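Here's the structure we're looking at; comments come further down.
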Amino acid sequence: MKTTYWPDEYIQKQRTVEEALGIIKSGHRIFIGSSCAEPQYLVEALVKSAHMFPDLEIVRLMSIENSPITRLAFDSENENFSIRNIYQGSATAKHLSANRPFITPMHISAVPGLFLKRHLPINTALIQTSPPDDFGWMSLGISVDVCQAAARAAERVIAQVNPKMPRVLGHSFIHVNDVDIIVEKDEELLTLDQLPEFETAHNIAKIVANLIEDGSTFQLGLGATPKAILLALSDKNDLGVHTQFIIDGIMDLVSMGVITNRYKGINDGKAVASNAVGSKNLYEFVHDNPAIEFSPSDYVNNPAVIAQHNKMVSVNMVMEMDLTGQAAVDALPHNYFAGVSSMLDFVRGTDACPEGKSILLIPSTSIDGKTSRIIPTLESGAVVVPRSDVSYVVSEYGAVNLFGKNLQERATAMISLAHPDFRDELFQKARELGLMSPGRKLSESLRSVYPVGLEEARKYCDQTVKFRPAKPVDLRRIQEHFYNLDRQDIIARFFYEKTAFLKDDVESMIETDYIKNLTILAVTGEFGFGTVIGLGAYMLEPNKNIAEIAFSVSRPWQGKGIATVILNKLAEAARKNDVDGLVAYTSPENKSMIKLFRKLPYKVHSSLDNGMIILNCRFEKEEEPEQPQ
């Protein structure tokens, strides 16, 4: 086989755009490079000469709104091209309805195999690359995803060589010898402006940030209010990145030292992706950056690869969810490659990670606030993420973990994430659908706004304890807490040796409105499966406008300050809710309760009534805590 010197090959393969497109024949299948790396010069020339190529089939991933191929896809007068869009979103997206017959639903991790196995033969691939390096290698730059496989599988490859395409490292190169035609064209790359964010984005971001631990590796979908979430992550340490898209916010966290990729467990020290979409500054950032590696989608989106990371977290936006946890995901009208075709790959890969967290974000209402995004049922064609794959769900009203939950628990959890204006209706629909057991009532907490601000995590001997208000989904774990209490602690809490803690007995602790009644839990363990190791509650006495408080702490956790934290949170919430003070009823033998109450920074009064000590305080004036006698 004759060996040629690559610079000679490069010169010999150079053509004008008109000459290059001359190899295309009617009936051919043409692949177009993806996302912001779309070879605009080649595509625009192809569109202008469309009359010469009847019955072409264009294959592409969903792209951005202002790209040449997207404009062609939505040209109702175009009859010479059929455009096969590889897209794994809901089949009901209205703004995609004109092209629905040509949507090919596939996970992006499977697309390279589709090309390489020639199940979908490619006649010509139109790609865009950087200029060759000293060894003849050209980088696919900001879009490796499925482009490399398409180029390897295509009968002919036409490369638009653009000096503005960054040279991105990793498995992102194609050699001059493997390209058939070269068209040099210096032009600006497509950029993506900051995506518009929901009004509730920052509230959602704060909740998500609490779920992401230091040392985690994360994937962030483009639709997932990225600006707000990345801002909320700015106080984290040693985060890693394994994602489909590198965006500007990730660049900012790298510059701040938040992203180090130090503890990923695989590809340590490298941010791994297959695309970059964003600003010119971002494209300069990824150029020849040794801390960034791009690889094809059959690696980046491979669930088995994703599962190998330490503390992998995937964060993705969904458009609607039903009460059982099914999720609908659509490409956004301003951003057709919102990552929906990669979502399920990351959801399943993250779920397979031992410490993984798959998080779905859902703003509770449409932008105008008139429609709930949490609905009773989804049409089958709308479902992208099945209920069996859904774990963490976050709205501006809190977070839940649906994994392992029955349908009643799921419906209760989803209603708690909905806007309060729609919860009554959703509860009634849940009953009609048989998702609620007979006699189940809509608790006050489901009508109220969950006070996220009372949440706090503290470390005790390397174990994290999460303090938070009780939720409707906590019923069973509160029962288990009481059943596991020591006999003497049960008597101190209930004033007699109570042996059964039925649902009716416990429901008052979760059926709170967070104002007149409030329960604070101390929970250890994984979110959604934690163990209650302590709880405190206040119940308003309306005629006096003071709240009675009561506590219980599991024996192994006593003496560690758990009850003190809970008491301070109850007092803080009571004051904000215009309660005048607190009162506690206890036996003289309960020295711990007496000592705890006297830690409050208010004047404490005590009295004896029928053998019971009554402790009370008013919030008007703070004083030094009363010293125990």
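The values are calculated or read from the model by the stated rules, or taken from the named source; none is laboratory data. Because the structure is predicted, anything quoted here is derived from the model rather than measured. Positions of Cβ are backbone-derived with ideal geometry, glycine not excepted, and every protein chain shown enters the neighbour counts. Ligands, DNA and RNA are excluded from the accessible area calculation, which covers all protein heavy atoms including side chains. Shrake-Rupley method; radii C 1.70, N 1.55, O 1.52, S 1.80 Å.
Remarks
- Answer residue from the range 347-382, given it is assigned to a loop (DSSP other than H, G, I, E, B) and small (Gly, Ala, Ser) and is nearest to VAL393 (Cα to Cα) among those: SER364
- Scanning the range 129-147 for residues that are under 31 Å from the mean Cα position of the chain (by Cα) and not hydroxyl-bearing (Ser, Thr, Tyr) gives LEU140, GLY141, ILE142, VAL144, ASP145, VAL146, CYS147.
- Screening the candidates ARG476, ARG458, ARG468 for the property of being of a type in the set (Lys, Arg) and without any contact (Cβ under 8 Å) to a residue 12 or more places away in the chain yields one hit, ARG476.
- Test: residue in the range 550-563 that is closer than 30 Å to ILE359 by Cα and open to solvent by less than 10 Å² (accessible area, probe 1.4 Å): yes
- A count restricted to the range 22-40 and to residues that are in a helix (DSSP H, G or I) and either of a type in the set (Val, Ile, Thr) or modelled with pLDDT of 95 or more (or both) stands at 0.
- Across the range 518-546, the number of residues qualifying as open to solvent by less than 50 Å² (accessible area, probe 1.4 Å) and modelled with pLDDT of 90 or more comes to 19.
- Members of the range 226-274 found to be among the β-branched types (Val, Ile, Thr) and in contact (Cβ under 8 Å) with a residue 24 or more places away in the chain, listed by number: ILE229, VAL241, THR243, ILE246, ILE247, ILE250, VAL254, VAL258, ILE266, VAL272
- Only one of the numbered conditions (1) open to solvent by 70 Å² or more (accessible area, probe 1.4 Å); (2) modelled with pLDDT of 90 or more is violated by LEU426, and that is (1).
- Residue in the range 480-494 that is open to solvent by 30 Å² or more (accessible area, probe 1.4 Å), within 28 Å of PHE427 (Cβ to Cβ) and out of contact with any Cys (no Cβ under 9 Å at 6 or more places or on another chain) present: yes
- Going through (1) in a loop (DSSP other than H, G, I, E, B); (2) surrounded by 14 or more Cβ atoms within 10 Å (Cβ to Cβ); (3) over 32 Å from the mean Cα position of the chain (by Cα) one by one, ALA500 falls short only on (2).
- Residues that are within 17 Å of THR129 (Cα to Cα) and not β-branched (Val, Ile, Thr), drawn from the range 22-42: PHE31, GLY33, SER34, SER35, CYS36, ALA37, GLU38, PRO39, GLN40, TYR41, LEU42
- Criterion: buried (at least 16 other Cβ atoms within 10 Å of the Cβ), more than 20 Å from GLU455 (Cα to Cα), touching a residue at least 40 places away in the same chain (Cβ under 8 Å) and not polar (S, T, N, Q) - qualifying residue of LEU596, LEU570: LEU596
- Criterion: over 30 Å from TRP137 (Cβ atoms) and more than 15 Å from the chain's Cα centre (by Cα) - qualifying residue of ASN289, ASN302, ASN237: ASN237
- Some residue of the range 104-123 being at pLDDT below 85, exposed (fewer than 14 other Cβ atoms within 10 Å of the Cβ), part of a loop (DSSP other than H, G, I, E, B) and of a type outside the set (A, V, I, L, M): yes
- Filter pass, LEU61 being at pLDDT below 90, open to solvent by less than 50 Å² (accessible area, probe 1.4 Å), within 26 Å of VAL144 (Cβ to Cβ) and touching a helix residue (DSSP H, G or I) at 6+ places or on another chain (Cβ under 8 Å): yes
- Within the range 257-279, the set of residues being open to solvent by 50 Å² or more (accessible area, probe 1.4 Å) and modelled with pLDDT under 95 is empty.
- Condition broken by SER395, with the remaining ones in (1) polar (S, T, N, Q); (2) touching a Leu at 6+ places or on another chain (Cβ under 6 Å); (3) closer than 20 Å to ASP345 by Cα satisfied: (3)
- So ILE266, is it in a helix (DSSP H, G or I) and under 22 Å from the mean Cα position of the chain (by Cα): no
- The set of residues in the range 573-582 being assigned to a helix (DSSP H, G or I) and surrounded by fewer than 19 Cβ atoms within 10 Å (Cβ to Cβ) consists of ARG575, LYS576.
- Residue check, LEU361 touching a strand residue (DSSP E or B) at 6+ places or on another chain (Cβ under 8 Å), closer than 15 Å to LEU435 by Cα, of a type in the set (A, V, I, L, M, F, W, C) and open to solvent by less than 40 Å² (accessible area, probe 1.4 Å): no
- Under the condition of being open to solvent by less than 10 Å² (accessible area, probe 1.4 Å) and either within 22 Å of ILE246 (Cα to Cα) or part of a loop (DSSP other than H, G, I, E, B) (or both), the residues counted in the range 162-189 number 6.
- Residue within the range 486-493 that is closer than 17 Å to PRO556 by Cα and either at pLDDT 90 or above or outside any helix (DSSP H, G or I) (or both) present: yes
- Subset of the range 190-226 that is of a type in the set (Val, Ile, Thr), under 14 Å from ILE362 (Cβ atoms) and part of a loop (DSSP other than H, G, I, E, B) - its residue that is modelled with the lowest pLDDT: THR225
- Residue count for the range 408-421, restricted to those that are open to solvent by 40 Å² or more (accessible area, probe 1.4 Å) and under 19 Å from SER366 (Cβ atoms): 2
- Considering residues of the range 599-623 that are open to solvent by 100 Å² or more (accessible area, probe 1.4 Å) and more than 45 Å from the chain's Cα centre (by Cα) only, the residue modelled with the lowest pLDDT: ASN610
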